[in-house]
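Below you'll find the structure, written out as structure tokens, and then a few comments.
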Amino acid sequence: MRKIFQKWLFIFVAVAFTLTFCLSFYLQTQQAEENAEKQMRLKLYDVVAQVNLNENNQGRIVQASGSETLVRVRSLAMMIKLDPTILKDRKRLQATSNILEAEQVRISDAKGIVEAAVPETLVGQNMNADPEMQPFKDVIDGSRTEHVEPPKNISSLGEQVQCACVARMDSKGTVQIAYKARRLTEGLEIADIKNLAVGFRIGNNGRIIVTEKNIVVSSDDKLMLGKNLGSIGISLTELNGNQGAFWTKIANIKTYCVYEKFERFVIIGTLPASEIFENRDRNATTLVLLNFLLFGAVFILVTEMIKRIVIDGIESVNTSLKRITDGNLEEKVEVLTNQEFVALSEGINQTVQSLRKVISEAATRIDNELEFARAIQLSAMPNIFPPYPTRNEFDIYASMFTAKNVGGDFYDFFLVDDNHLAIVIADVSGKGIPASLFMMTSKTVIKNFAESGISPGEIFTRTNAYLCENNDTCMFVTAFLGILEINTGRLTTVSAGHNPPLIMRAYGEIEWLRSEGGFVLAGIPDVVYGQSEWQLHSGDKIFLYTDGVTEAFNPDAAQFGEKRLKECLSSTFARNANLYTLLSYVRGEVELFASSVEQSDDITMLVLEYKL
């Protein structure tokens, strides 16, 4: 019981440990994801704010640069108005261009033909035909007085500049400069979205990815720049809302992604799972160790507590109950560890006391009934000897020593007529009242058929058929029957599985009387029994017995046996003894052999002496 309890307690503790750990692990996982998303979302808000700020800054920078460029080109137009000769002096024009920090200068006439320029190679160019001058067409044809373009790359310069064009003040035509605003370039570079992601990091290994039209435009990983989102492991189906979060694999690393859509950009924050769950995994190791110690201590404590309070008491009760069920009704249960066991002990002891009383009363009643049944059994058999004082052709004596229980042995003898004597000995299977009742039935049936005058074989054949027909208890009988023709000494016998009798010849020889017959009575219906004939002479004795004689045991578990019985009857004392003394002698030899071993079966014997 203790092992079973420990087994189930261990299972319970293990399950509780596992469930506690799994729940804690799950909650920490959820918490880690929530914390990571909050951290990443805050970082995205900072990035969105920075993008917005950059957009505004770029607008301001461009606006300021445009104003500055207009101031420069207006200044040049005023210089030309004040001193038109500058158009003819290439060096002065170059020096003025340098002062204005202009990369290109174009001064055209009313038709848009450049008449003075820096560099000089631009002289003679038709501005109407130059695609790069198309934004200034309205100024060239006189529709507008000035125009400034946002910063852009001029192919002839190969870099980003800001161009402005104003109408000439001295005559019809235009003054146009291309201003390489280095501060503008530096400001735009600083505010450029491409450089935005480098300045933001999430944790130790997380990053910001800025995309425009599903193309990466900003990332601290240069290998990502210009790539489609799908090629780096982010499915477009995940980006189906204005914001959200999802798991994916980037560079074969499980990564948690949080995104935010802002204007034309999608800003994505990424953080590897290993970093998100670093604290969880570290805590899980600590939790496993602490839970192991905690549940181990609980297991030991509960086991010891239950052992002392319950199991020891139950085992003590079970030990006492086993002794009681084994027959020791003097055993008392005394478990006083708690009030429940005290009440249980008192209840068991009272029950056993009542049981002892009932058993004692029942035993007394059964003993009385068995004694009464034994008396009836013995009274049903001939027990007056000599039974036929007026007959000197034969002598007969029988005895039965019953075991503790009522048995199924019986013997019988009776005159069928004046010239025929029947002798019977039998052993019914089983013990007690049922065997005794079956014995009485068998004895009566055999006697009734024998008195009808039929042969011994026919007697057993009919008896077997009768007993099989009415044998609800499935009992059987081994039996031996002999009918002696008194005036001739011819003995006709039949055996139904019974121990073979012995013939003690008058001249001293002893032989087994193994008769024809068949199976036990009441065993198999429709059995036909055969019979045998023997010739008796004056002084011959027939010794009949049951297996209580040959199967008596001694302390070494050895049986008395047929050999020892034959030796006993072969002794000089046995051959010369009268019939009463002979049976007493055999009985004494069996008791001497059995020594202290209690008799387990009835000992029944019958001896017939033929005297003619």
Checklist line | Breaking point among (1) open to solvent by 10 Å² or more (accessible area, probe 1.4 Å); (2) outside any strand (DSSP E or B); (3) at pLDDT 95 or above, for Lys404 | finding: (3)
Next item on the list: Take segment 536-558 and flag every residue that is surrounded by fewer than 16 Cβ atoms within 10 Å (Cβ to Cβ) and of a type outside the set (Gly, Ala, Ser).
Entry: His537, Glu551, Asn554, Pro555, Asp556
Next item on the list: Of all residues in segment 484-515, count the ones that are open to solvent by less than 20 Å² (accessible area, probe 1.4 Å) and either of a type in the set (Phe, Trp, Tyr) or touching a His at 6+ places or on another chain (Cβ under 9 Å) (or both).
Entry: 3
Check: Among Thr463, Thr441, which is the only one that is closer than 22 Å to Val528 by Cα and open to solvent by less than 10 Å² (accessible area, probe 1.4 Å)?
Finding: Thr463
Checklist line | Condition met for Phe414 (at pLDDT 85 or above, buried (at least 20 other Cβ atoms within 10 Å of the Cβ) and closer than 29 Å to Asp547 by Cβ) | finding: no
Next item on the list: Could you please find all residues in segment 553-612 being part of a helix (DSSP H, G or I), touching a residue at least 12 places away in the same chain (Cβ under 8 Å) and of a type in the set (Asp, Glu)?
Entry: Glu562, Glu589
Check: Just one of Thr20, Thr69 is open to solvent by less than 70 Å² (accessible area, probe 1.4 Å), under 27 Å from Leu290 (Cβ atoms), assigned to a helix (DSSP H, G or I) and of a type in the set (Val, Ile, Thr); which is it?
Finding: Thr20
Note to self: Need pairs with beta-carbon distance below 7 Å; first residue more than 15 Å from Leu329 (Cα to Cα) and modelled with pLDDT under 75 and within segment 340-365, second open to solvent by less than 60 Å² (accessible area, probe 1.4 Å) and not basic (Lys, Arg); sequence gap 6+ or separate chains.
What the structure shows: Phe341/Gly313; Phe341/Val335
Notebook entry, point to check: On the given criteria, is Ser452 open to solvent by 10 Å² or more (accessible area, probe 1.4 Å), among the small types (Gly, Ala, Ser) and either free of Cβ contacts under 8 Å to residues at least 40 places away in the same chain or not in a loop (DSSP other than H, G, I, E, B) (or both)?
Noted result: yes
Checklist line | Among (1) at pLDDT 85 or above; (2) surrounded by 14 or more Cβ atoms within 10 Å (Cβ to Cβ); (3) part of a strand (DSSP E or B), the one test that Lys254 misses | finding: (2)
Check: Out of all the residues in segment 198-216, which are assigned to a strand (DSSP E or B), aliphatic (A, V, I, L, M) and surrounded by fewer than 19 Cβ atoms within 10 Å (Cβ to Cβ)?
Finding: Ile215
Item checked: Selected residue (only one of Glu260, Glu275 is closer than 30 Å to Val51 by Cα, open to solvent by 10 Å² or more (accessible area, probe 1.4 Å), of a type outside the set (Lys, Arg) and not in a strand (DSSP E or B)) -> Glu275
Note to self: For the condition open to solvent by 50 Å² or more (accessible area, probe 1.4 Å), over 26 Å from Phe519 (Cβ atoms) and part of a loop (DSSP other than H, G, I, E, B), what is the one hit in Pro389, Pro382?
What the structure shows: Pro389
Check: Looking at segment 474-483, which of the residues that are of a type in the set (Val, Ile, Thr) and within 17 Å of Asp427 (Cα to Cα) is least open to solvent (accessible area, probe 1.4 Å)?
Finding: Val477
Check: Counting only residues that are over 10 Å from Val210 (Cβ atoms) and touching a strand residue (DSSP E or B) at 6+ places or on another chain (Cβ under 7 Å), which one in segment 263-272 is most open to solvent (accessible area, probe 1.4 Å)?
Finding: Arg264
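The rows are residues; the columns are (1) assigned to a loop (DSSP other than H, G, I, E, B); (2) within 24 Å of Asn392 (Cβ to Cβ); (3) aromatic (Phe, Trp, Tyr); (4) at pLDDT 95 or above.
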position: Gly430; (1), (2), (3), (4): yes, no, no, no
position: Asn448; (1), (2), (3), (4): no, no, no, yes
position: Arg462; (1), (2), (3), (4): no, no, no, yes
position: Met475; (1), (2), (3), (4): yes, no, no, no
position: Ile483; (1), (2), (3), (4): no, yes, no, yes
position: Asn487; (1), (2), (3), (4): yes, yes, no, yes
position: Thr492; (1), (2), (3), (4): no, yes, no, yes
position: Ser495; (1), (2), (3), (4): no, no, no, yes
Note to self: Being of a type in the set (Ser, Thr, Tyr), in contact with a strand residue (DSSP E or B) (Cβ under 6 Å, 6 or more places away or on another chain), at pLDDT 85 or above and closer than 30 Å to Val71 by Cα is the requirement here; does Thr211 meet it?
What the structure shows: no
Next item on the list: Count, please, the residues in segment 209-243 that happen to be in contact with a Ser or Thr (Cβ under 7 Å, 6 or more places away or on another chain), among the hydrophobic types (A, V, I, L, M, F, W, C) and over 19 Å from Glu263 (Cα atoms).
Entry: 2
Item checked: Close pairs from segment 221-233: first modelled with pLDDT of 85 or more, partner exposed (fewer than 15 other Cβ atoms within 10 Å of the Cβ) and not polar (S, T, N, Q), Cβ under 6 Å, at least 6 apart -> Gly233/Lys249
Check: Quick one: would you say Thr604 is among the β-branched types (Val, Ile, Thr) and surrounded by 14 or more Cβ atoms within 10 Å (Cβ to Cβ)?
Finding: yes
Notebook entry, point to check: If Asn368 passes every condition in (1) at pLDDT 75 or above; (2) open to solvent by 80 Å² or more (accessible area, probe 1.4 Å) but one, which one does it miss?
Noted result: (1)
Next item on the list: Please tell me if Val51 is surrounded by 19 or more Cβ atoms within 10 Å (Cβ to Cβ) and within 60 Å of the chain's Cα centre (by Cα).
Entry: yes
Next item on the list: Would you check which residues across segment 29-45 are of a type outside the set (Ser, Thr, Tyr) and open to solvent by 80 Å² or more (accessible area, probe 1.4 Å) and list them?
Entry: Gln31, Glu34, Lys38, Gln39, Leu42
Note to self: Yes or no: segment 488-503 includes at least one residue that is more than 18 Å from Tyr411 (Cβ to Cβ), among the aliphatic types (A, V, I, L, M) and in contact with a helix residue (DSSP H, G or I) (Cβ under 7 Å, 6 or more places away or on another chain).
What the structure shows: no
Next item on the list: Take the residues in segment 311-355 that are small (Gly, Ala, Ser) and crowded, with 18+ Cβ neighbours inside 10 Å, then tell me which one is nearest to Trp8 (Cα to Cα).
Entry: Gly313
Next item on the list: Determine the pairs where a residue that is farther than 17 Å from Phe136 by Cβ, located within segment 87-112, has a partner that is among the basic types (Lys, Arg) and exposed (fewer than 14 other Cβ atoms within 10 Å of the Cβ) with Cβ atoms under 9 Å apart, the partner being 6 or more residues away or on another chain.
Entry: Glu101/Arg182
Margin query: Out of the residues in segment 129-152 meeting the condition of being among the polar types (S, T, N, Q) and either under 14 Å from Lys172 (Cβ atoms) or touching a Phe, Trp or Tyr at 6+ places or on another chain (Cβ under 6 Å) (or both), tell me which one is surrounded by the most Cβ atoms within 10 Å (Cβ to Cβ).
Written below: Thr145
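The values are calculated or read from the model by the stated rules, or taken from the named source; none is laboratory data. All values derive from a computational prediction rather than experimental measurement. A quick note on method: Cβ atoms are made from the backbone with ideal geometry, for glycine too, and the neighbour counts reach across all protein chains shown. SASA here: full protein model, heavy atoms, side chains in, ligands and nucleic acids out. Shrake-Rupley method; radii C 1.70, N 1.55, O 1.52, S 1.80 Å.
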